[in-house]
Amino acid sequence: MIRKLALMLLLAGLFFAGCHIAPKGCQWQSLFDGKTLDGWKASENEGTFTVRDGMIVVHGPRSHLFYVGPVNDANFTNFEFTADVMTQPGANSGIYFHTAYQESGWPDKGYECQVNTTHTDPKKTGGLYGVRDVMDNAPSKDGEWFDYYIRVEGKHIIIRIDGQTTVAWTEEEPPSAGRRISSGPFALQGHDPKSIVYYKNIKVRPLPDHAW
């Protein structure tokens, strides 16, 4: 009985130590207040991103919206991320992680998680763009909300769409110069003027180093 109690106390101590290592890492935190773009910074073409009815509306020329807010000082290494996403027909977008703010162009740093249901690009929703792609048939539908889940811990990346795992990948050595596990903010992509995509309920849960 004493041995069992000691084991339970040890496990509890490890759990709370993990929470201490990653401040607020044991709870989900919102990155979007549903009303403004406070905590976010657009690159070129700021007007591509607006807020309407609790959603970030992405519609306009190429631009990227970087998270620069207070959660984890906008610097994420190990984490769980989730957002509700909806595409309109022919739309293309993406969610970047471990990236860095830049004023123009496609982000040079970080990985892109693809958002594309019926755009002509054959790389579809749920893929790790150019690394582990979901080809031709998207697990999402235009005009319907779907849950986009990303988990990164160590060298491991998992992507799920509505609970369906589309990517379970471990980064190989050596990684490419730009596309590599590191740390950094998230960014939402405005791909082109014809694409319309909506994001809401954007949340993150920072994870401690020994999460797995």
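For Val131, the shell of other residues with beta-carbons less than 12 Å away shows a net charge of 0, using +1 for Lys and Arg and -1 for Asp and Glu.
For the range 23-64, the residues whose amide N sits under 13 Å from a probe point set 7 Å from the Cα of Asp121 along the beta carbon direction are 62-64. Here the chain is scanned for GluC sites (Glu not before Pro) in DSSP loops (not H, G, I, E, B) that have at most 16 other Cβ atoms within 10 Å, and the longest stretch holding none of them is 45-102. Amide H to amide H, with H built 1.01 Å from N, Thr166 comes under 5 Å of Ile159, Arg160, Ile161, counting only residues 5 or more places away or on other chains. The overall shape of the range 70-139, judged from the alpha-carbon gyration tensor, is prolate: a/c is not under 1.5, and a/b is greater than b/c.
Computed from label points 7 Å out along Cα-Cβ, the spacing between Trp169 and Asp108 is 2.2 nm.
Within 13 Å, Cβ to Cβ, of Ile196, how many net charges do the neighbouring residues add up to if Lys/Arg are +1 and Asp/Glu are -1? Spelling it out: positives minus negatives among the neighbours equals 0.
If a/c stays under 1.5 just call it rounded; otherwise compare a/b with b/c (prolate if a/b is bigger, oblate if not). Do that for the chain, with a ≥ b ≥ c from the square roots of the Cα gyration tensor eigenvalues. Cα axes put the chain in the prolate bin.
In terms of other Cβ atoms within 10 Å, Ser30, Ser195, Ser43, Ser183 run from fewest to most in the order Ser30, Ser183, Ser43, Ser195. A simple charge model with +1 on the Cβ of Lys and Arg, -1 on the Cβ of Asp and Glu and nothing else charged puts the dipole of the chain at about 600 debye relative to its Cα centre. Could you tally the net charge around Asp53, taking each other residue with its Cβ under 14 Å from the Cβ of Asp53, Lys/Arg +1 and Asp/Glu -1? It works out to a net charge of +1. Compute the separation of the alpha-carbon centres of the range 107-133 and the range 39-75 and state it in Å as a whole number. Cα centres, the range 107-133 to the range 39-75: 19 Å. Of the cross-linked pairs Lys35/Lys123; Lys41/Lys203; Lys124/Lys155, those separated by over 21 Å at the C-alpha level are Lys35/Lys123; Lys124/Lys155.
Using just its DSSP H runs of length 4 or more, each adding -39500 (n - 2.57), the chain gives a mean residue ellipticity at 222 nm of -3000 deg cm²/dmol after division by all residues.
Here, each number is a calculation from the coordinates, and none is a lab measurement. Remember, predicted model here, so these are calculated numbers, not experimental data. Here Cβ is always computed from backbone atoms with ideal geometry, including for glycine, and neighbour counts include all displayed protein chains.
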